[in-house]
1. Does the stretch A:13-30 contain at least one residue that is among the hydroxyl-bearing types (Ser, Thr, Tyr), assigned to a helix (DSSP H, G or I), over 23 Å from A:GLU274 (Cα atoms) and assigned by TED's automatic domain parsing to the domain that holds A:PRO153?
2. Which ones in the stretch B:117-128 are of a type outside the set (D, E, K, R), within 12 Å of chain A (Cβ to nearest Cβ) and either crowded, with 20+ Cβ neighbours inside 10 Å or touching a residue at least 24 places away in the same chain (Cβ under 8 Å) (or both)?
3. Which residues, taken from the stretch B:28-59, are in contact (Cβ under 8 Å) with a residue 12 or more places away in the chain, outside any helix (DSSP H, G or I) and within 19 Å of the chain's Cα centre (by Cα)?
4. Can you list the strands (runs of 3 or more DSSP E) lying wholly within the stretch B:68-173 that have 2 or more residues being of a type outside the set (A, V, I, L, M, F, W, C) and farther than 17 Å from B:ALA234 by Cβ?
5. Only residues that are within 18 Å of B:MET180 (Cα to Cα), in a helix (DSSP H, G or I) and touching a residue at least 40 places away in the same chain (Cβ under 8 Å): list them for the stretch B:199-219, please.
6. Could you please give the count of residues in the stretch A:133-168 that are crowded, with 17+ Cβ neighbours inside 10 Å and in a helix (DSSP H, G or I)?
7. Output the number of the condition that B:TRP131 fails; it satisfies all remaining conditions of (1) of a type outside the set (S, T, N, Q); (2) out of contact with any helix residue (DSSP H, G or I) (no Cβ under 7 Å at 6 or more places or on another chain); (3) within 14 Å of chain A (Cβ to nearest Cβ).
8. Identify, please: which residue in the stretch B:101-116 is aliphatic (A, V, I, L, M) and closer than 17 Å to B:SER71 by Cβ and is, among those, farthest from the other protein chains (Cβ to nearest Cβ)?
Amino acid sequence: MTSVRDIQKGYIELLESYINPLGKEALNDHIYSGDRFGSMPYLSDVLLAYYEPLGKDITDYWKQYAKEIRKSLAESNNLKVCYSGDISPSDASMLTNKLGMYVDTILIPDPVLNITQQLAPVSDRNFYLRSVVRHAINMVKIKPLLDADSEFPITAVYPSTKIFNRDFVEKIRDAASEDARVYINQTFNLKLKKSDDAFEIMQSFKKPEDIIALVKNESNLIPDWALPSVQEGIKNFYDGGKQMYIKEFANRPAGEAIYMYILGRLMSFHDHFENCKEFAAEPLYDSPNSWKMFTWYLDACFPEGNLLTNEGLVANSIGIDNPKWIGNLPVDALVEARKRGELSEIRATLTKNINRIKFTRVEDLEGVTAQVQENLKNEFDEHQRKIKDIEKRFKNNFYLKSPVTVVGELLGYIPDPHIQAASALISLPFTLLGLVDIYRSSNKILEEDRAERGRLIGLMYDSEK
Amino acid sequence: MTQKSEEDEARELAREVFQKCMLVLLAHVQRRIADDESYQEPRFLRAMIVAYYQINDELKDGETVMGVSVSDENEDPQEGYAVILKKHKNFVEIVSHQDIILNTEISITNLLKLIELSIRLDNIDTKAVKWSVATEMLNKLVPDMVFIKFPNNQWKQGRDELLKEIWKGRIHGLTPFDPMVAKVKAATSFSEVPQVLRQFIATLYAARKSPGKNALGISSPDKDIDKAKVFELARIVLYGPGSKYRKDS
């Protein structure tokens, strides 16, 4: 049986064979590179030709390993989070670095497989190329984490079920259509009785203005539709979408575009939950849009309570809300800290008192985030206190003790020249012994200092500065 | 630091585009060879590689080398290229890239189009492609022209249209009493129609389908076309005789 690590390695090698001709500098910024190479005259055409076999290559690859990797990931008994939302995390490297210090494994559905199979038929050629380059680089950038020598894979990319199972797609489409009907009735001035009617009715609203006029519950709208205002948000969403699709899709009515977005998101949730169930993983989102839809979905469809555990809430808080500096940890340091078994310690620290938060609605993560920040602050304060204490002890040990001994040593040379030789002979070994002791104890303190600073919390503290 | 002029920036961008396109082509060739050892790289690239191999330490800066690659005598269509490279201190300059069969210089933009087309054709496993695929490729490659394949199953309507035009005296050099016209009337299939008249039928069809555009009607009686022929057609249209009359040549 091929190991998860080897499967990931093969996956990255496959992507690299498509990305490498773009040069190392392309890896610096996946979004910029995607936009740049996706629109460069001549090069974008040559790249589109070169990327033609990618869809088949990636599908063949996952056909070979899909069962194995899904089985391995499902069987591993640890804290996993499963990403969903956009095609891939907005910055996969940052997200996985951040979460790597809290959860055992971050699961990401292969974005390249999804793009080549689902986006390719309907998207504008250059938009498709931009997406492929962007998301492939995004994945290649997490190579050090995929490759890391760790008990559990810190990150694992898996193939989505949707691609290989048409019956499953039918099933989740039916379920999502009903959810979409509920969402539309709650959000817009419409009373759809059957989910089958939704597409046709929404299609009858041709312009964004027609949809804007229908909005009755702004709080249900995703940030992209609501900001800076509903008028601008929905219009920008519709106009922006036009550049993404082939002509037939670009010119569709505004109502259809909105409906298809809602349906697509809800289908993703169903797919995602099935994956979470299979992998025994917590759902994870890193974008406010998907989080908004997710929370609506949970409130509407699971009124009895949310599906997330405390760890799941904290992971999402780290994913969406917490500052980026948490992701600045060097991979090696992260791997070492995990090897030292510090993951459970930091998990316990960040999850402290989350129970106190009444989480009857998953409307926002603010409470969780505030608690996580407080936990972090307390831990940072404690860390600082320890460091200061160590520094104090070091000073006491070295600067306060050593001058006395050194003076003693010097004195051995100064007096009477007759005594000088004898005292030197006597005092020198003693002095040296003294220095060795000081050195030893100082070294011990320094080691303590290094250990404290090298703890995950210490590294996080340093990366904040 | 002096600011780069617009021209410098454009030159830098062009250099990057060309360099990356070449890297993509080399990566493509590498992948193809990994799949099939007998794979032959495109001949226009081989000429470049032959020239490149001659660049060594003994060559002085500013000196040039030439690489040539020509197809075998019995190969159809014939292809042949000559590449002249000049050695500089830190880089190699492509002085000239010639198509020696069509006896013309290949511009960098056309070379990039050849790279694109050769990769696209390589991606298809079969030796021949459907005409619909070929015309789609050519239309993408040469956007100021419209390649239209005459639908062979409509040949009778096409024939009647041609005969009408001949009767109206609109087809130069052809009268209703020409022996070739008699052959058209007697034909029982499109392949029995003489090639010259098949071309007229396809041209009339293309002009009707894309009025006012630079349309090229394709009259082949076959459903498929060899990939090598598609490449040849592209070379002729991109930089062969007559290409100077195209808008974006």
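The values are calculated or read from the model by the stated rules, or taken from the named source; none is laboratory data. What you see is a predicted model, and the numbers here were worked out from it, not measured in a lab. Please note: Cβ atoms are built from the backbone with ideal geometry, for glycine as well, and neighbour counts cover all protein chains shown.
1. Among the residues of the stretch A:13-30, at least one is among the hydroxyl-bearing types (Ser, Thr, Tyr), assigned to a helix (DSSP H, G or I), over 23 Å from A:GLU274 (Cα atoms) and assigned by TED's automatic domain parsing to the domain that holds A:PRO153, which makes the answer yes.
2. Once the filter is applied, which keeps residues that are of a type outside the set (D, E, K, R), within 12 Å of chain A (Cβ to nearest Cβ) and either crowded, with 20+ Cβ neighbours inside 10 Å or touching a residue at least 24 places away in the same chain (Cβ under 8 Å) (or both), the stretch B:117-128 yields B:LEU117, B:SER118, B:ILE119, B:LEU121, B:ILE124.
3. B:GLU41, B:PRO42
4. B:80-87, B:92-99
5. Once the filter is applied, which keeps residues that are within 18 Å of B:MET180 (Cα to Cα), in a helix (DSSP H, G or I) and touching a residue at least 40 places away in the same chain (Cβ under 8 Å), the stretch B:199-219 yields B:ILE201, B:ALA202, B:LEU204.
6. 15
7. Against the list (1) of a type outside the set (S, T, N, Q); (2) out of contact with any helix residue (DSSP H, G or I) (no Cβ under 7 Å at 6 or more places or on another chain); (3) within 14 Å of chain A (Cβ to nearest Cβ), B:TRP131 comes up short only on (3).
8. Here the answer is B:ILE101.
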